[in-house]
Amino acid sequence: MLLTGLGSTSRLRVAVPSLARSLVNRAATRPIPSPRGPIATPSDFLKAIGRSSDTKVTVETWEQLWKTSGHDLKKSGLGVRDRRYILWCMEKYRHGEPIESFAHEPKPKKTIRGWGPAVQNGKRIRSRRLKNKK
């Protein structure tokens, strides 16, 4: 009943939103940056961004590197943090930022467990209230 009052199918498309996701590879539609400076090959780029990315990802050509999507990296068995870091660095490079300004090493592992004053310098801190109740 509701749909018959709308009339033509063009109005129907406007009234009913499309719920299907687009299956377009967005990495393939973005512009491919030209190599600049000391970076001429994909392995040079992966070495420059660090985190041993050159050993984790294998691509032969410059175009193949820039058409790689997160799904492709996932298929190759790359971890989530590494995938996100590589894609983030690729986007920064695509926007023209120098690699030295954004490439960084991962955060070091925490040496002190815990979040608050219960653990300090690797030792558990117990309150004096518990000692006095004995």
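None of the figures in this text is laboratory data; all of them are computed from the coordinates on show. Everything numeric in this text was worked out from a predicted model, so none of it was measured. So basically every Cβ, Gly included, is an ideal-geometry build from the backbone, and we count neighbours across all protein chains shown.
For segment 39-102, what percent of Cα pairs sit more than 17 Å apart? Mind dumping the intermediate values first?
Values: 628 of 2016 pairs.
Everything past 17 Å amounts to 31 percent.
Determine, from the Cβ-Cβ distance of Asp44 and Lys67 and an R0 of 22 Å, the FRET efficiency 1/(1 + (r/R0)^6), rounded to the nearest 0.05.
The value I calculate is 0.80.
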For segment 94-108, Karplus-derived ³J(HN,Hα) couplings (6.51, -1.76, 1.60; θ = phi - 60°; whole Hz; x for glycine and proline) come out as 4, 7, x, 6, x, 4, 4, 7, 10, 6, 8, 7, x, 4, x
What is the sum of charges around Trp88, taking Lys and Arg as +1, Asp and Glu as -1, for the other residues whose C-beta is under 13 Å from the C-beta of Trp88?
-> +3
